[in-house]
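Take a look at the structure below.
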Amino acid sequence: MKKILISACLVGDKTNYKGEGNYHPLVDQLKLQYDLVLFCPEVEGGLKTPRLPNEIRGNQVIRKDGKNVTDNFVSGAKKALALCRYLGIDTAVLKESSPSCGSSLIHDGRFIGHKIKGEGITTRLLRENGIKVYSENEIEQLLK
Ligand code: SF4
């Protein structure tokens, strides 16, 4: 079966900043057709769960208390790319709106719940390297 990288939280792993999962029901259909490789760039980048929220501001990622956590996000993104290269993965399904995994929307950096067009740090690096990234809202496109 073809391998797909998927945000671990979409499969139900409690990796998001609240210490919860973001299980999506279509993942069960995806599992029947693909070999899902679970990955959380923020955990792999060294961040704890639960954690304070983080948002992209310009070229940086800032934690809600003002700490610059860009290095953690870049580290997680590089590990995601390395894993894709190692396993020959060319497709990913990543959680929309996350500062790591968002593929068309991100929060605007003011921590007020406002979203703008944009992509997360991991999504951007994967796309720059030819990997197709879908959000959980586009899973149906991958189902045969
Ligand atoms: Fe889910 Fe991605 Fe956030 Fe990890 S970094 S909790 S995989 S959205």
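The values are calculated or read from the model by the stated rules, or taken from the named source; none is laboratory data. A quick note: this is a predicted structure, and the numbers were derived from the prediction, not measured. All Cβ positions, glycine included, derive from the backbone under ideal geometry; neighbour counts span all protein chains shown. Just the protein is used for accessible areas: all its heavy atoms, side chains included, with ligands, DNA and RNA removed. Shrake-Rupley method; radii C 1.70, N 1.55, O 1.52, S 1.80 Å.
Taking a 24 Å limit on the Cα-Cα distance, which of the listed pairs Lys2/Lys144; Lys31/Lys115; Lys3/Lys79; Lys18/Lys95; Lys31/Lys117 fall beyond it? List each step's numbers first, then the result.
Details: Lys2/Lys144 13 Å; Lys31/Lys115 30 Å; Lys3/Lys79 17 Å; Lys18/Lys95 15 Å; Lys31/Lys117 29 Å.
Where the Cα-Cα span goes over 24 Å, the pairs concerned are Lys31/Lys115; Lys31/Lys117.
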Segment Asn68-Leu38, extension gain: residue separation times 0.36 nm, minus the distance between their alpha carbons: 8.2 nm
Helix-only [θ]222 nm of the chain, DSSP H runs n ≥ 4, -39500 (n - 2.57) each, per residue, nearest 500: -7500 deg cm²/dmol
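Add +1 for every Lys or Arg and -1 for every Asp or Glu among the other residues with Cβ under 15 Å from the Cβ of Leu125, and state the total. Intermediate values should be presented prior to the final figure.
Numbers: positive: Lys78, Lys79, Arg85, Arg124, Arg127, Lys132; negative: Glu42, Glu44, Asp71, Asp90, Glu119, Glu128.
Overall, the nearby charge balance is 0.
To check you understand DSSP bridge types, tell me what percent of the beta bridges within the chain (both residues inside) are antiparallel, rounded to 5. Walk me through the numbers on the way to the answer.
On the way: 8 of 20 bridges.
So the antiparallel bridges in the chain amount to around 40 percent.
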1.4 Å probe accessible area per residue over segment 36-133, in Å²: 50
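Shape verdict for segment 59-144, please, from the Cα gyration tensor: rounded (a/c under 1.5), prolate (a/b greater than b/c) or oblate. Intermediate results must be reported in sequence, preceding the final value.
Details: a/c = 2.89, a/b = 1.37, b/c = 2.11.
It is oblate, given that a/c is not under 1.5 and a/b is not larger than b/c.
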Hypothetical label at Glu20: residues of segment 45-68 whose amide nitrogen lies under 18 Å (7 Å Cα-Cβ projection): 49-54
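Note down the relative contact order for the chain as a percent, whole number, built from C-alpha pairs under 8 angstrom at least six residues apart. Could you put the intermediate results ahead of the total?
Details: 312 pairs, mean separation 33.3, N = 144.
Here the relative contact order equals 23 percent.
Rounding to the nearest 20 debye, state how big the charge dipole of the chain is about its Cα centre with +1 on each Lys and Arg Cβ and -1 on each Asp and Glu Cβ. Don't skip to the end; give the middle numbers.
Numbers: 22 positive and 17 negative charges, 60 e Å.
For this selection, approximately 280 debye.
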For segment 72-144 versus segment 20-51, the gap between their alpha-carbon centres in whole angstrom: 12
Where labels lie 7 Å past Cα in the beta-carbon direction, separation of Glu128 and Phe111 in nm: 2.7
Cα gyration tensor shape of segment 1-52, rounded if a/c is under 1.5, else prolate or oblate by comparing a/b with b/c: oblate
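Give me the number: length gained by fully extending Gln29 to Asn59, i.e. 0.36 nm times residue separation minus the C-alpha to C-alpha distance, one decimal in nm.
Working: separation 30, 0.36 × 30 = 10.80 nm, distance 3.60 nm.
Between Gln29 and Asn59, full extension yields an extra 7.2 nm.
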Which of Val37, Ile106, Leu83, positive extreme of dipole for segment 11-106 (C-beta unit charges): Ile106
Fluctuation leader among Phe111, Phe73, Phe39 - the chain, Gaussian network, Cα springs under 10 angstrom: Phe111
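Within 12 Å, Cβ to Cβ, of Pro99, how many net charges do the neighbouring residues add up to if Lys/Arg are +1 and Asp/Glu are -1? Working shown, then result.
On the way: positive: Arg51, Arg57, Arg63, Lys64, Lys95, Lys115, Arg124; negative: Glu42, Glu55, Glu96, Asp108, Glu119.
It works out to a net charge of +2.
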